[in-house]
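Asker: To start, I am sharing the structure in question, which I have written as structure tokens.
The values are calculated or read from the model by the stated rules, or taken from the named source; none is laboratory data. Computed from a predicted structure; not experimentally measured. Glycine gets a Cβ as well: all are built from the backbone with ideal geometry, and neighbour counts include every protein chain shown. Just so you know, the surface numbers come from the protein's heavy atoms only, side chains and all, with ligands and any DNA or RNA stripped out. Shrake-Rupley method; radii C 1.70, N 1.55, O 1.52, S 1.80 Å.
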Amino acid sequence: MSPEFLDGFLDDYYAECDEHLTAIRRGLLSLEASVGQDRPDAAVTEELFRSFHSIKGISGMVEHRESERLAHEMESYLRALREGEARLTTQGVEVLIEGARSLEHSIAAHR
């Protein structure tokens, strides 16, 4: 594999992560409005789940294990919310926000 190909591949990885992190920040702002409801907004939960799932997958492709594991944990919590196995709390939103920040820092450090 040529260094140019690898550089281009990593550039694509970072660009895609940036897009998903933007969607995550937007989604987390919307999700806060669902705290205390029986079920959080399904569309917002699904968008967040897909974004974390995508970051998990592409981080695995570039062998960035820290981001892969962290995104997996966020995805698991969102799956539990989506399936009604967990209730969204203020603490849950705070954990998701902190997880997103940690993910951002991890990706930036890898960059």
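Asker: Are any of the residues in the range 65-81 closer than 22 Å to A109 by Cα, touching a residue at least 40 places away in the same chain (Cβ under 8 Å) and assigned to a helix (DSSP H, G or I)?
Answerer: yes
Asker: Here are the criteria: (1) within 17 Å of H105 (Cα to Cα); (2) touching a residue at least 24 places away in the same chain (Cβ under 8 Å); (3) among the charged types (D, E, K, R). Tell me which single one D11 does not satisfy.
Answerer: Checking D11 against (1) within 17 Å of H105 (Cα to Cα); (2) touching a residue at least 24 places away in the same chain (Cβ under 8 Å); (3) among the charged types (D, E, K, R), the one that fails is (2).
Asker: Let me ask something else about it. Looking at the range 18-34, which of the residues that are open to solvent by 50 Å² or more (accessible area, probe 1.4 Å) and modelled with pLDDT under 95 is farthest from G99 (Cα to Cα)?
Answerer: A33
Asker: Considering only residues of the range 59-93 that are farther than 21 Å from S34 by Cα and open to solvent by 80 Å² or more (accessible area, probe 1.4 Å), which is nearest to the chain's Cα centre (by Cα)?
Answerer: Per the stated criteria, the residue is R69.
Asker: Among the residues of the range 5-38, which ones are among the small types (G, A, S) and either within 21 Å of R87 (Cβ to Cβ) or more than 11 Å from the chain's Cα centre (by Cα) (or both)?
Answerer: G8, A15, G27, S30, A33, S34, G36
Asker: Count, please, the residues in the range 35-58 that happen to be crowded, with 19+ Cβ neighbours inside 10 Å and part of a loop (DSSP other than H, G, I, E, B).
Answerer: Of the residues in the range 35-58, 1 are crowded, with 19+ Cβ neighbours inside 10 Å and part of a loop (DSSP other than H, G, I, E, B).
Asker: Next question, about the same structure. Looking for whichever is among the charged types (D, E, K, R) and under 21 Å from E98 (Cβ atoms) here; the options are E63, E47. Which one fits?
Answerer: Step by step, each of E63, E47 is checked, and only E47 is among the charged types (D, E, K, R) and under 21 Å from E98 (Cβ atoms).
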